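Following: one structure in structure tokens, then a few remarks.
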Amino acid sequence: MARDGEDDEREPHLMVSGKALVKRFGGVAAVAGIDVEVRRGESFGFLGPNGAGKSSTMRMIACVSPRSDGELRVLSMDPETDGPRIRARIGVVPQLDNLDVELTVRQNLQVYGRYFGLSRARVRAKAVELMEFAELSDRADDQVEPLSGGMKRRLTIARSMVNDPELLLLDEPTTGLDPQARHLLWGRLYQLKQQGVTQIITTHDMHEAEQLCDRLVVMDGGQIVAEGSPSELIRRFSTREVLELRFPPGEQDGQLSRVADLAGRHEVLPDRLLLYADDGEATLEAVHARGVRPVSTLIRRSTLEDVFLRLTGRSLVD
Amino acid sequence: MRTMDRSTERMPGLALRILPFGRYTRGPGSVVERSMRVHSRTWVIMVSGFAEPVVYLLAFQIGFGALVGQVAGPGGQLVDYVAFVAPALLAASAMNGAIFETTFPVFFKLRYAKVYDAMLATPLGPFDIALGEITWAVIRGGVYSVAFVLVMATMGLVGSPFAVLLVPAALLVSFAFASVGMALSTFLRSPSQFDYIRLVVMPLFLFSATFYPVSVYPDSVQWLVQVSPLYHGVELMRGLAAGVLDVSMIGHVGVLAALAAVGVVATSRRIGALLLG
Amino acid sequence: MPPVRRSTGTVVPTWRAMWLRVEGHWAWYRRYWRSSLYSSGIEPLLFLAAMGLGFGSQVEAGAATGGHEYLHYVAPALLVAGATMSGMGESSFPVLSGFKWQKDYIAVTATPITPGQLLGGQLMWLAIRLTLSGVIYGLVALTFGAWLRPGAVLVVGVGVITGLACAAPVMALAAATYDEGRRFVVMFRFVMVPMMLFSATFFPIEQIPIELRWLTWISPLWHGNEIARAVALGGADPLAVAGHGGFLLALLAGGVLLAKKLFYRRLVV
């Protein structure tokens, strides 16, 4: 890329660099002018609710969706003109698995690998290696159709690794999986990070973002509303702790005025009240001291969910 | 009937009625077919109910018929080829429609949608389900048959008032094949096995004396043709359309009725065994 | 600092990319050839037996059949009609599925393969399938005594071209289909079946009323049937054959260009 003198496309420092990037569908801007940079070796996240523009951004980076406006470089190349060359070096895990469910696990890996110009011998060996990685070796010659959701997801991730990608795009990698399957996947992604695979992850799940991302941007309505590491964002946009108060149905509004001044900031959710304070315990005592008796209380650490609530006034998942 | 409630949501009849149905899809065929049924609209049924017999009968009138001229019809009298083939096409259409309606949708409801599991959780039993599904297929087939007979009459292809009996005869053919089709579909395990059904239906369609008299076959294989249930439907309808009635018709009706009975019993047993076992 | 990775992926040239798609289809076919063999291989033969031999026994060789036995008259056209039907069938729901249900087209275009190469691979694979079923049909029909001259081997090629010419526009239609594909069922009923019946497959065009004959003239199957009979039965006007061939090639080229455009529109958004 021209801006960075030392960056050549074979070994770029910036894996992705977008400036004033816009994607419009008809008259509607799904991505409304964002600046984004992803550095070699990091795990970068797009956090936001459905419809925030995460997937549109990912599709532009994956060179299957031309930008409407702005600048975009992936591996220091232009997706507009170098789509195939970029796609040869990246791996894509789509939001919904698109495996060939009528083929076997092994065939899925081998057939896919061939599209990257790999030799037969190479894909044969690579398939074995990847099935091991995905813990699917014992299902190697089984059809994909009856596999569990977690297994299919692991296979999709394994498939995206078949060309040893420098950059891996993961669109909602663990949505719809049970907790055990998710933790297994997170472990695998961490392993890939150790191997130097740059990762871009979209998610609407704050736990996932906190687990996986070195750095992330919060997206809402096609725009980036904040950027930083998970801990930075929490520090900047929330307090250390949060006190959650639950009241009997209908009483929350009445109780709000009695406790609102006890914290620097509060949020009203349909089923509970959140008081943001650095010392949750002390705040709870103060609540009790005023004779307010919630049905239940919870003191917890701030999360990215709170950051999102602060920035957009909405929850990530409704 | 309670069991029909689910099916009424799906508008009938996207089968290629006269040609045996095809399966053009790979794996997701299931999803495709079901959705097509849910979303299809009435006008397609109305239009195609009349358009298909017109297209086929026109082809036979101007095309095939002109090549052949007259052939020996029921009772040995010579009839125009198109008049010879029209009742057979009606029988084939009843068969194909019935098979189509009772194989894929039933398979889907049985294996994927679990509709019958839900029904069996009510006071309904396997026999109710079998009869309900089959009846529904027959009703839908009946609509087409009426359209077909009307087109035949308009084209001057019926030679006797007995031709009104073509409609109940078509219903009987529908009933026989619907019940057998439904019984068979309880044995299917994956969508790709539908090709086996086609493998049976297509030869029945082509070789049941549909397009030429059974006398074309060498004597040694004629008995084979007579094993085909469609052959009995074809002969029955041919006689009715021409107004040539004889005792052999009782035999044809008997074969079809027996097939229907066997199918209903087999279906209810299978559903019982699969879901209540 | 994590190690620097170098991807092993490369961009393959277009023809090879298309061939890699054929390999992908082949991986599927190797597992499922039995079920598809019936519809593409055996079914046209059943038609040949029923119509060529059975129905044909009722037909006197005469002016309508160009003086030929009905079996000889209908055999080449049934090959072409079979290729047309499976070409259209294979390009409808299976192609829509690539976009919509199975989503394998989405998976493939995430690799260096482009939508255009994907389409090319699909057509190439179809050509191979049509060749295969044409050869099976031709060999079995030979045992029926359906062929009169060595030139009949060319009928397989005519079937492939006609099948592809009908398939390409259907692929374009599939790429522009976002619903469940009900339009294909309408197409099979109101386009494909009438086309099979009224394209001089079973009886000559002269029997079709003159006012309706233009429908036959625009039917690609009719053009294919004419060439197929020309090579199988002989005695054809080379100029007419060239004209029919030109029609098919033009349709194929137009269909491919349209399909390519719509494949890009569907996959690159």
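Summary of computed values
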quantity: Members of the range C:202-211 that are out of contact with any Ser or Thr (no Cβ under 7 Å at 6 or more places or on another chain) and at the interface with chain B (Cβ under 9 Å from one of its Cβ atoms); calculated: C:202, C:203, C:204, C:207, C:209
quantity: Test result for residue C:247, under 19 Å from the mean Cα position of the chain (by Cα) and at pLDDT below 95; calculated: no
quantity: Yes/no for residue A:229 being of a type in the set (Ser, Thr, Tyr), in contact with a strand residue (DSSP E or B) (Cβ under 8 Å, 6 or more places away or on another chain), within 19 Å of residue A:40 (Cα to Cα) and within 12 Å of chain C (Cβ to nearest Cβ); calculated: no
quantity: Exclusive hit being among the small types (Gly, Ala, Ser), farther than 14 Å from residue C:80 by Cβ and surrounded by fewer than 16 Cβ atoms within 10 Å (Cβ to Cβ), set C:145, C:181; calculated: C:145
quantity: Selection status of residue B:164, surrounded by fewer than 18 Cβ atoms within 10 Å (Cβ to Cβ), closer than 24 Å to residue B:74 by Cβ and either modelled with pLDDT under 90 or more than 14 Å from chain C (Cβ to nearest Cβ) (or both); calculated: yes
quantity: Single condition residue A:96 does not satisfy, out of (1) farther than 19 Å from residue C:9 by Cβ; (2) more than 8 Å from every other protein chain (Cβ to nearest Cβ); calculated: (2)
quantity: Options A:43, A:137, A:55, A:65; residue that is among the hydroxyl-bearing types (Ser, Thr, Tyr) and farther than 22 Å from residue A:177 by Cβ; calculated: A:65
quantity: Any hit, the range B:169-179, residues being surrounded by fewer than 24 Cβ atoms within 10 Å (Cβ to Cβ) and either in contact with a strand residue (DSSP E or B) (Cβ under 9 Å, 6 or more places away or on another chain) or among the β-branched types (Val, Ile, Thr) (or both); calculated: no
quantity: The lone exception for residue C:8 - which of (1) touching an Asp or Glu at 6+ places or on another chain (Cβ under 6 Å); (2) at pLDDT below 85 it fails; calculated: (2)
quantity: Residue that is surrounded by the fewest Cβ atoms within 10 Å (Cβ to Cβ) [pool: residues in the range C:80-109 that are facing another protein chain (nearest Cβ under 7 Å) and of a type in the set (A, V, I, L, M)]; calculated: C:106
quantity: Top-ranked residue in the range B:167-202 [being within 14 Å of chain C (Cβ to nearest Cβ) and closer than 19 Å to residue B:90 by Cβ; ranked as nearest to the chain's Cα centre (by Cα)]; calculated: B:201
quantity: Unmet criterion (only one of (1) farther than 23 Å from residue B:190 by Cβ; (2) surrounded by fewer than 18 Cβ atoms within 10 Å (Cβ to Cβ); (3) within 12 Å of another protein chain (Cβ to nearest Cβ); (4) not hydrophobic (A, V, I, L, M, F, W, C)) for residue A:159; calculated: (2)
quantity: Matching residues, the range B:211-230, being hydrophobic (A, V, I, L, M, F, W, C) and outside any helix (DSSP H, G or I); calculated: B:211
quantity: Residue identified as of a type outside the set (A, V, I, L, M), surrounded by fewer than 17 Cβ atoms within 10 Å (Cβ to Cβ), assigned to a helix (DSSP H, G or I) and in contact with a helix residue (DSSP H, G or I) (Cβ under 8 Å, 6 or more places away or on another chain) among B:251, B:233, B:239; calculated: B:251
quantity: Qualifying residue in the range C:14-34 (condition: polar (S, T, N, Q), within 9 Å of another protein chain (Cβ to nearest Cβ) and surrounded by fewer than 19 Cβ atoms within 10 Å (Cβ to Cβ)); calculated: no
quantity: Qualifying residues in the range C:56-71 (those that are touching a residue at least 40 places away in the same chain (Cβ under 8 Å) and assigned to a helix (DSSP H, G or I)) - the one nearest to the other protein chains (Cβ to nearest Cβ); calculated: C:64
quantity: Filtered residue count, the range A:99-129, keeping only those that are of a type in the set (Val, Ile, Thr) and more than 7 Å from every other protein chain (Cβ to nearest Cβ); calculated: 4
quantity: Check on residue B:221, surrounded by fewer than 22 Cβ atoms within 10 Å (Cβ to Cβ) and of a type in the set (A, V, I, L, M); calculated: yes
quantity: Residues that are touching a Gly at 6+ places or on another chain (Cβ under 7 Å) and in a helix (DSSP H, G or I), drawn from the range B:141-166; calculated: B:141, B:143, B:144, B:147, B:162
quantity: Residue among A:103, A:99, A:184 that alone is farther than 25 Å from residue C:115 by Cβ and either surrounded by fewer than 18 Cβ atoms within 10 Å (Cβ to Cβ) or in contact with a helix residue (DSSP H, G or I) (Cβ under 9 Å, 6 or more places away or on another chain) (or both); calculated: A:184
quantity: Filter pass, residue B:126 being farther than 21 Å from residue B:179 by Cα, touching a Gly at 6+ places or on another chain (Cβ under 9 Å) and in contact (Cβ under 8 Å) with a residue 60 or more places away in the chain; calculated: no
quantity: Any strands (runs of 3 or more DSSP E) falling wholly within the range A:16-107 and containing at least 2 residues that are without any contact (Cβ under 8 Å) to a residue 60 or more places away in the chain; calculated: A:28-39, A:69-74
quantity: Residue match in the range A:203-218 (condition: closer than 27 Å to residue A:280 by Cα, of a type in the set (Val, Ile, Thr), surrounded by 22 or more Cβ atoms within 10 Å (Cβ to Cβ) and outside the structural domain of residue A:274 (by TED's automatic domain parsing)); calculated: yes
quantity: From the options C:116, C:41, C:24, C:9, residue that is in contact with a Phe, Trp or Tyr (Cβ under 9 Å, 6 or more places away or on another chain), closer than 22 Å to residue C:138 by Cα and in contact (Cβ under 8 Å) with a residue 60 or more places away in the chain; calculated: C:41
quantity: Hits in the range B:51-96 (condition: β-branched (Val, Ile, Thr), buried (at least 21 other Cβ atoms within 10 Å of the Cβ) and either within 12 Å of chain C (Cβ to nearest Cβ) or farther than 14 Å from residue B:156 by Cβ (or both)); calculated: B:68, B:85
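Conditions (1) in contact (Cβ under 8 Å) with a residue 40 or more places away in the chain; (2) out of contact with any helix residue (DSSP H, G or I) (no Cβ under 8 Å at 6 or more places or on another chain); (3) buried (at least 22 other Cβ atoms within 10 Å of the Cβ); (4) over 23 Å from residue C:118 (Cα atoms), marked per residue:
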| site | (1), (2), (3), (4) |
| --- | --- |
| A:111 | no, no, yes, no |
| A:115 | no, no, yes, no |
| A:122 | no, no, no, no |
| A:132 | no, yes, no, yes |
| A:142 | no, no, no, yes |
| A:147 | yes, no, no, yes |
| A:154 | no, no, yes, yes |
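The values are calculated or read from the model by the stated rules, or taken from the named source; none is laboratory data. What you see is a predicted model; the values in this text were computed from it and never measured. Backbone-built Cβ (ideal geometry, glycine too); neighbour counts: all protein chains shown.
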